[in-house]
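A short write-up of the structure that comes next.
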Amino acid sequence: MADRTNEAAIRVMRLDKTFGDRKALDQVSIEVRPGEMVALIGASGSGKSTLLRHVAGLTRGDRGQGRVEVLGVCVQAEGRIAADIRRIRPQIGFVFQQFNLVGRLPVITNVLTGALGRMPAWRSLAGRFTLEERRAAVDALSRVGIAETAWQRASTLSGGQQQRAAIARTLVQGAGIILADEPIASLDPESSRRVMEILAAANAEDGTTVLVSLHQVDYAVRYCPRTVALRQGRVVYDGPSAALTPRFLRELYGAEASALIDGAAPRQAPVKPQMPLGPDRAAAVA
Amino acid sequence: MTVSTHAVPLSPPLRRSVLRLIGWGIVLGALAASWKGADMRPWALFQDAGNMAVFAADFFPPDFTEWRYYLGELLVTLQIAAWGTALAIVGAIPFGLLSAENIAPVWVRQPVRRLMDAFRAINEMVFAMLFVVAVGLGPFAGVLALFLHTTGILAKLFSEAVEAIDPRPVEGIRATGAGPLEEIVYGVIPQVLPLWISYSLYRFESNVRSATVVGMVGAGGIGVVLWEIIRGFYFAQTSAVMIMIIVTVTVIDLVSARLRRLFI
Ligand SMILES: Nc1ncnc2c1ncn2[C@@H]1O[C@H](COP(=O)(O)OP(=O)(O)OP(=O)(O)O)[C@@H](O)[C@H]1O
Ligand SMILES: [Mg+2]
């Protein structure tokens with residue numbers, strides 16, 4: 001599990017990424033402490049997915065000084081993915097906007113793939129999962145509330161159920177860190193709420209560090225004590241979510257702000273187990 | 001708003017018509033130039049119509065007296081096709097994956113693709129003749145011939161299926177820390193399996209047809225029988241064998257088409 005020394009869970013240092021002549025990430029630096037639940041917000045095209053993919057080592061940054069570390073282990077540096085990336089990947093659970101399940105496999109097999117990184121190759125290639133691994137998969141499915149779908153093909157699940165299966169996969173993975181890329185963007189409000197609550201529970205109960213990108217600020221405010229805001233590849237705000245009033249958002253984003261504010265999130269009192277907020281809560285707003 | 005005054009032309013641009021005309025000219029020219037080489041004598045069919053009628057009459061009625069023997073050899077033919085296809089599937093899985101753009105780097109992909117091109121380019125009859133020399137007369141030569149040629153074909157079909165997969169589930173597997181082989185087993189194969197099965201069944205159908213032919217160069221099965229009775233001018237028996245082949249191939253095509261529909 002995540003080691004709880006003074007090591008940062010996620011550390012991104014001066015990361016640049018250019019696609020063609022477009023800067024998708026511009027000198028991005030962020031640090032997430034173990035056990036935090038942090039929202040990453042920004043309008044469409046602001047670089048949220050790109051940043052998360054860099055943290056997971058799925059995409060390479062530009063040559064230069066950029067560097068990404070997870071739990072003190074280098075994921076990539078100066079535009080090169082670490083050679084031993086597979087050693088750290090089991091610690092990083094990735095939840096994709098499009099779920100990225102294998103539609104033709106049963107849900108439980110999809111969830112079991114979370115264990116692949118820790119299995120000896122002969123066992124994983126032969127598909128021989130141990131009884132404990134299967135039990136862990138069923139437990140994970142129960143936790144996200146879809147145990148009854150275990151033997152259904154993943155493609156037959158609803159979007160919200162698929163996303164919960166994808167989270168179950170990261171639970172089986174035993175990842176100390178969950179990166180979730182707009183996990184609720186294609187879901188209805190009720191499913192969105194459930195998915196966010198599952199992430200919040202993993203954070204509160206297991207101490208899993210969560211970095212979740214959202215493009216609706218109200219979800220960030222409800223579930224994440226801290227928010228990092230991106231605009232055109234640059235970090236324009238990093239602080240308490242509570243400070244993100246519509247007025248402040250308009251200051252940050254100008255006309256783009258409306259897309260972030262007019263979210264479809266249900267306006268109820270937060271249901272998530274409350275995490276203590278950082279001491280910097282009072283010192284809102286830069 | 002500016003109003004466009006460009007009228008849309010009602011006939012295709014001149015350039016396209018000219019190109020089309022040139023295309024047809026080339027096709028017809030090539031056919032005309034090939035007339036002599038192909039020894040085209042359509043009138044021979046009519047001049048010798050009398051002979052043809054006599055020849056055709058020799059085929060009737062079909063002589064089924066030796067049907068047990070034919071049936072046995074037909075079974076051997078099916079067995080040749082089954083083994084040739086099975087070995088080819090086993091070979092086509094690695095070669096197909098290694099010639100897919102999204103799996104193998106270019107320095108692996110290109111040589112493998114060229115090797116598969118060679119397997120495809122050489123007809124199974126040619127392979128059969130070579131293997132008859134190498135391993136002797138008989139069905140095994142036929143199996144090897146079908147194996148090599150079909151590996152070339154299936155590897156190409158398999159790799160095209162792999163290149164058309166959705167990359168996102170594979171990335172989902174990769175993100176868990178799985179290795180490249182695990183990505184293939186859990187991310188790629190489940191996506192391509194229905195197509196692979198369908199292609200394999202389809203090749204089994206064609207291999208049943210091919211297996212009757214490779215027999216004619218001595219590679220076992222009903223083809224050997226066919227070759228012998230044709231050479232001996234036993235046309236009534238020839239027509240019996242041909243009818244049995246047609247029935248077998250048709251039944252297999254129908255069953256296999258049914259099965260394939262199940263998997264798509
Ligand atoms: N593979 C790629 N090739 C070229 N450009 C890309 C690629 N991926 C992202 N970009 C560009 O990088 C920028 C940031 O994209 P990114 O997907 O990270 O934004 P996002 O914040 O996740 O947006 P959304 O809310 O729409 O998902 C965009 O301008 C996008 O067009
Ligand atoms: Mg995105």
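The values are calculated or read from the model by the stated rules, or taken from the named source; none is laboratory data. Small disclaimer: the values here were computed from a predicted structure and weren't measured. Cβ coordinates were reconstructed from backbone atoms using ideal geometry, including for glycine residues, and neighbour counts include every protein chain displayed. Each accessible area value is taken on the protein alone, full model and side chains, heavy atoms only, with ligands, DNA and RNA left out. Shrake-Rupley method; radii C 1.70, N 1.55, O 1.52, S 1.80 Å.
Where strands (runs of 3 or more DSSP E) fall entirely within segment A:175-259, those with at least 1 residues that are under 27 Å from A:Gln161 (Cβ atoms), more than 16 Å from ligand 1 (Cβ to nearest atom) and open to solvent by less than 10 Å² (accessible area, probe 1.4 Å) are at A:177-181, A:209-214.
Yes or no, residue by residue, for (1) free of Cβ contacts under 8 Å to residues at least 12 places away in the same chain; (2) farther than 30 Å from A:Gln91 by Cβ; (3) over 14 Å from the mean Cα position of the chain (by Cα):
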site: B:Thr150; (1), (2), (3): no, yes, no
site: B:Ile173; (1), (2), (3): no, no, yes
site: B:Glu205; (1), (2), (3): no, yes, no
site: B:Ala211; (1), (2), (3): no, yes, no
site: B:Gly218; (1), (2), (3): no, yes, yes
site: B:Ile222; (1), (2), (3): no, yes, yes
site: B:Val241; (1), (2), (3): no, yes, yes
site: B:Thr248; (1), (2), (3): no, yes, yes
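A:Gln91 meets all of the listed conditions (1) more than 16 Å from ligand 1 (Cβ to nearest atom); (2) surrounded by 18 or more Cβ atoms within 10 Å (Cβ to Cβ); (3) under 17 Å from A:Asp238 (Cβ atoms) but one, namely (3). For segment A:113-122, the condition of being surrounded by fewer than 19 Cβ atoms within 10 Å (Cβ to Cβ), more than 10 Å from chain B (Cβ to nearest Cβ) and away from ligand 1 (no atom under 16 Å from the Cβ) holds for at least one residue. Number of residues in segment A:151-177 that are of a type in the set (A, V, I, L, M) and over 20 Å from the mean Cα position of the chain (by Cα) equals 2.
When you go through A:Ala39, A:Ala43, A:Ala24 one by one, which is the residue that is more than 11 Å from ligand 2 (Cβ to nearest atom) and touching a residue at least 12 places away in the same chain (Cβ under 8 Å)?
Sole residue among the options that is more than 11 Å from ligand 2 (Cβ to nearest atom) and touching a residue at least 12 places away in the same chain (Cβ under 8 Å): A:Ala39.
Of the residues making up segment B:126-158, just one is under 24 Å from B:Leu97 (Cβ atoms) and open to solvent by 70 Å² or more (accessible area, probe 1.4 Å), namely B:Lys156.
Would you confirm, using the coordinates I've provided, whether B:Val247 is surrounded by fewer than 22 Cβ atoms within 10 Å (Cβ to Cβ), among the β-branched types (Val, Ile, Thr) and within 14 Å of chain A (Cβ to nearest Cβ)? In short, no. Within segment B:173-228, the set of residues being over 18 Å from B:Phe147 (Cα atoms), β-branched (Val, Ile, Thr) and within 14 Å of another protein chain (Cβ to nearest Cβ) comprises B:Ile173, B:Thr176, B:Ile184, B:Val185, B:Val188, B:Ile189, B:Val192.
Quick check, is A:Leu105 hydrophobic (A, V, I, L, M, F, W, C), more than 21 Å from the chain's Cα centre (by Cα) and either within 26 Å of B:Asp166 (Cα to Cα) or at pLDDT 95 or above (or both)?
Yes.
A residue that is within 29 Å of B:Val185 (Cβ to Cβ), without any contact (Cβ under 8 Å) to a residue 12 or more places away in the chain and of a type outside the set (Ser, Thr, Tyr) occurs somewhere in segment A:80-91. Considering (1) farther than 29 Å from A:Ala8 by Cα; (2) within 11 Å of chain B (Cβ to nearest Cβ); (3) open to solvent by less than 30 Å² (accessible area, probe 1.4 Å); (4) not hydrophobic (A, V, I, L, M, F, W, C), say which one A:Arg153 fails and leave the rest. Among (1) farther than 29 Å from A:Ala8 by Cα; (2) within 11 Å of chain B (Cβ to nearest Cβ); (3) open to solvent by less than 30 Å² (accessible area, probe 1.4 Å); (4) not hydrophobic (A, V, I, L, M, F, W, C), A:Arg153 violates only (3).
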